[in-house]
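Here is the structure we will look at, set down as structure tokens.
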Amino acid sequence: MRLIAFLILYSISVALSAQDKKVGLVLSGGGASGLAHVGVLKALEENQIQIDFIVGTSIGALVGGYYASGYTPEQIEMIVNSESFRNAADGIDNIKHLYYFKEPEIEPDMISWRFSVDSLLGTNIPNNFVSSDPIDLGLMRYFAQANAVSNENFDSLMIPFRCLAANITTKSQKVFDSGQMASAIRASMTYPFFLAPITIDGGVMLDGGLFNNFPYDIMCEEFDVDFVIASNVSSKLEAPTEDNLVSQIKNIIIQAPNFNTECIEGIVIDSEVEDIGTFNFNKNEEIILRGYESTIQLMDSIKSTLGQERAYQIQSKREKFNQKKPELLFDNVSLDGIHQVHGKYFRKELFRKNTVFDYDRFERKFMKLTADEKIRSIYPVAIYNPSDSLFGLELKVKKEKPFNVKFGGVISSKPFSTGFVELEYQVLRSTGLKASGNVYFGNFYSSAEGGFRWDVPFIVPFFIEGSYTVNQYDFFNSRSTFVEEDDPPYIIYSENYAEGQIGLPITTKGKLLLGGSYTWQNFNYYQSDNFERGDTSDLTQFEGYSSFAKFQINTLNHKQYATKGSKLQLMVRNIYGREQTTPGSTALDKSYTSSIRTWWIAKGTYEDYFFQKNAFRLGLLAEGVYSDHPFFHNYTATALSIPVFEPLPENKTLFQETYRSLSYLGAGLKTIYTINDKVDFRVEGYVFQPYQAIRPDQMGKAKFGEEAIDRSFIATFTTVYHSRIGPLALSFNYYDDTPEPVSILVHFGYVIFNKKAFE
């Protein structure tokens, strides 16, 4: 009888012991492959495996932090699959809140180096590859409310939580159990040279994986746990090789992971993600699925080890925890590291209508501040005040180094390869000032430009900009980089102009420019190909001034070969000046001309990528021009001075009379298939419809053709690889009604030049 009683009591105790087993979840680091942890969480919840403690490193800290803060696996999956998450991983700000007013002119720079002349070399070497602003902002957004509920105690989250960072000041690992949750996770996932480090409690923090990429031991040390489920995506380091810099750096800074699991009973889930690159966040759905499938394969083992199922309480715990979260509303802002005038302006922007503002309003204003190229970064911290259930904002501003040197240009199989160098100096105090100068050098195109921009944070912010530009396009003396081309026509187009303008913001995505310029232009040319070495060319000179108004909106995702966003440019310009033409030895009309010329130009360009479904996208480009430009002395001089339709990069390097007219409509459709937003296959077709084509008469004078009769076409098939520094493109182009209708072009870099005088 006593034996039976003993067996019954023993069975009950075993059952209760199984029911009361506390389960810990360990999530390793591993970059993008760590999104497999999301699939692990999905599988565990579907099978009602309750998690009592979480420890994570790097990407494991991020995913574990989401779960510990009350987000469901489905919500986490939605976050990491969003476009904003992928953009943040690449350091790209939310296009929805782009502040175009602060954007400088588009230039062909591919790499840049910011430095200070009074700093040592070590402090001038860049320590991050992408901007951390969108990541920092997103972390604050997703973790501020949970941090408020827990009162900055990670044991009081929905699930007790720990994450690790490498404190390189003390050369030791840092285990976070309290404080700002967003900052702790940001420290844990700060991959060296990819994100800039942050300082917490006097220590400079980097990725936790440097010291402990598989924190199984921390779970045992920090929590009273009975069983551990560990999701591991950290692979063993490959041996460094002489020609692989990345492998060398990894072996210098990353410790080999310790896979010792002897401290407590557990099971390790090894998802098959070895083929996923550290920063490849373009396969998130597939990575999550792999983690899910790997967990399902081990589910029977997990359940048999845990024994009898416990009462599943995660859903009720989540509901209770989330009900306590305060609404993410802010009532004050403090700024550290910025001049009080800019700080005052920024606070006025937030408090203009209401003393309390929500996150969306804050993000818009935050983007305005971070858009300034004189600001390096802004680290946001949300401090909860339980007395009024509102958050205060602390913004830690770091100003950029004053000097910036840029390098870029284009290497091409056609004769327009061009180098580009620019030096900038900028200072941010009560107002912002930037001075810059650039040089382009090549056989086809050469240019120099110097200028300044003065930003004033007034009630309505504005900037004043001035510049002096020298441009020269040589369509004759250029030579091919790789293959020899037939000699193009003898045309040398050169100009000098001084320009001043004032800029005003129009909403967050647009700006209005009002200004004027004074211009000197020289056109050296032969009106036919029948000239010899001793002949002299025609010379047309134009000197005069213009005034203009421009309106611009631009949310395109690339400087060239865009696949997302839209662009609108409207311009009205009046031009007044004197044309002087000195005929050359081959001119039919030998008379010298000096005439006053005045005209108007109205131009509108609209580009929009309006449809996207998976990898397939559609875009359009439409451009319309009206001008009452008078005829110059001869046809060639007229053709050189009138508007031109240039939808393709190569168009900017060719003198194509077919696509020049006083007034025209040009439009086309772009069909794009993109792979991971890195490789594009583009098919584009355009129609050019001049109101009246301009043709030469028998004396070489310009004359109008019939109205709306002439029509020409442009088509291209282009393959583009968007590298981190610039595009590599191969295109097959067709130009209707031109002497050489078929063209093959290979180029690396940007076919972007300094703005012409009347653009």
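The values are calculated or read from the model by the stated rules, or taken from the named source; none is laboratory data. This one's a predicted model, so the numbers in the text were calculated from it and none came from an experiment. In this analysis, Cβ positions are derived from the backbone assuming ideal geometry, glycine residues included, and neighbour counts consider all displayed protein chains. Side chains included, ligands, DNA and RNA excluded: accessible areas come from the protein's heavy atoms. Shrake-Rupley method; radii C 1.70, N 1.55, O 1.52, S 1.80 Å.
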Might you check whether a residue that is within 15 Å of PHE321 (Cβ to Cβ), hydroxyl-bearing (Ser, Thr, Tyr) and either surrounded by fewer than 20 Cβ atoms within 10 Å (Cβ to Cβ) or in contact with a Leu (Cβ under 6 Å, 6 or more places away or on another chain) (or both) occurs anywhere in the stretch 181-194?
no
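Residues of the stretch 603-621 being open to solvent by 40 Å² or more (accessible area, probe 1.4 Å) and farther than 23 Å from ASN676 by Cβ, which ones? Walk me through how you get there before you give the answer.
The initial filter retains those residues of the stretch 603-621 that are open to solvent by 40 Å² or more (accessible area, probe 1.4 Å), namely 603, 606, 610-614, 616, 620.
Within the stretch 603-621, LYS603, TYR606, LEU620 qualify.
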Criterion: out of contact with any Lys or Arg (no Cβ under 9 Å at 6 or more places or on another chain), within 27 Å of GLY39 (Cα to Cα), at pLDDT 90 or above and hydroxyl-bearing (Ser, Thr, Tyr) - qualifying residue of THR170, THR190:
THR190
For the stretch 598-617, does any single residue satisfy the condition of being outside any strand (DSSP E or B), over 30 Å from GLY442 (Cβ atoms) and under 36 Å from the mean Cα position of the chain (by Cα)?
yes
Any idea which of (1) closer than 23 Å to ASN151 by Cβ; (2) in a helix (DSSP H, G or I); (3) not aromatic (Phe, Trp, Tyr) is the one ASP224 doesn't satisfy?
(2)
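Say whether the condition of being in a strand (DSSP E or B) and open to solvent by 40 Å² or more (accessible area, probe 1.4 Å) is met by at least one residue in the stretch 628-648.
Within the stretch 628-648, the subset in a strand (DSSP E or B) is 644.
Next, from what is left, pick out any that are open to solvent by 40 Å² or more (accessible area, probe 1.4 Å): none.
No: zero hits.
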Please find, within the stretch 462-506, the residue that is modelled with the lowest pLDDT out of those that are touching a Pro at 6+ places or on another chain (Cβ under 7 Å) and among the small types (Gly, Ala, Ser).
SER480
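Can you name the residue in the stretch 736-759 that is among the aliphatic types (A, V, I, L, M), open to solvent by 50 Å² or more (accessible area, probe 1.4 Å) and within 30 Å of ILE111 (Cβ to Cβ) and, of all such residues, is farthest from the chain's Cα centre (by Cα)?
In the first step, residues of the stretch 736-759 are kept if they are among the aliphatic types (A, V, I, L, M); the result is 742, 744-746, 751-752, 757.
Within this subset, residues satisfying the condition of being open to solvent by 50 Å² or more (accessible area, probe 1.4 Å) are 742, 744, 746.
So of that shortlist, the ones also within 30 Å of ILE111 (Cβ to Cβ) come out as 744, 746.
Numbers: ILE744: 29, VAL746: 24 Å.
Step by step, filter the stretch 736-759, then rank; the result is ILE744.
Condition check ((1) charged (D, E, K, R); (2) modelled with pLDDT under 80; (3) more than 17 Å from ALA61 (Cα to Cα); (4) open to solvent by 50 Å² or more (accessible area, probe 1.4 Å)) across all residues:
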residue: PRO240; (1), (2), (3), (4): no, yes, yes, yes
residue: ILE253; (1), (2), (3), (4): no, yes, yes, no
residue: GLU285; (1), (2), (3), (4): yes, no, yes, yes
residue: LEU289; (1), (2), (3), (4): no, no, yes, yes
Go through the stretch 428-441 and give me each residue that's buried (at least 21 other Cβ atoms within 10 Å of the Cβ) and either modelled with pLDDT of 95 or more or not small (Gly, Ala, Ser) (or both).
LYS434, ASN438, TYR440
Evaluate the stretch 373-395: report whether one residue or more is open to solvent by 10 Å² or more (accessible area, probe 1.4 Å), on the phi < 0 side of the Ramachandran plot, modelled with pLDDT under 90 and small (Gly, Ala, Ser).
yes
Output the residues belonging to the stretch 701-728 that are within 19 Å of the chain's Cα centre (by Cα) and crowded, with 20+ Cβ neighbours inside 10 Å.
VAL720, HIS722, GLY726, PRO727
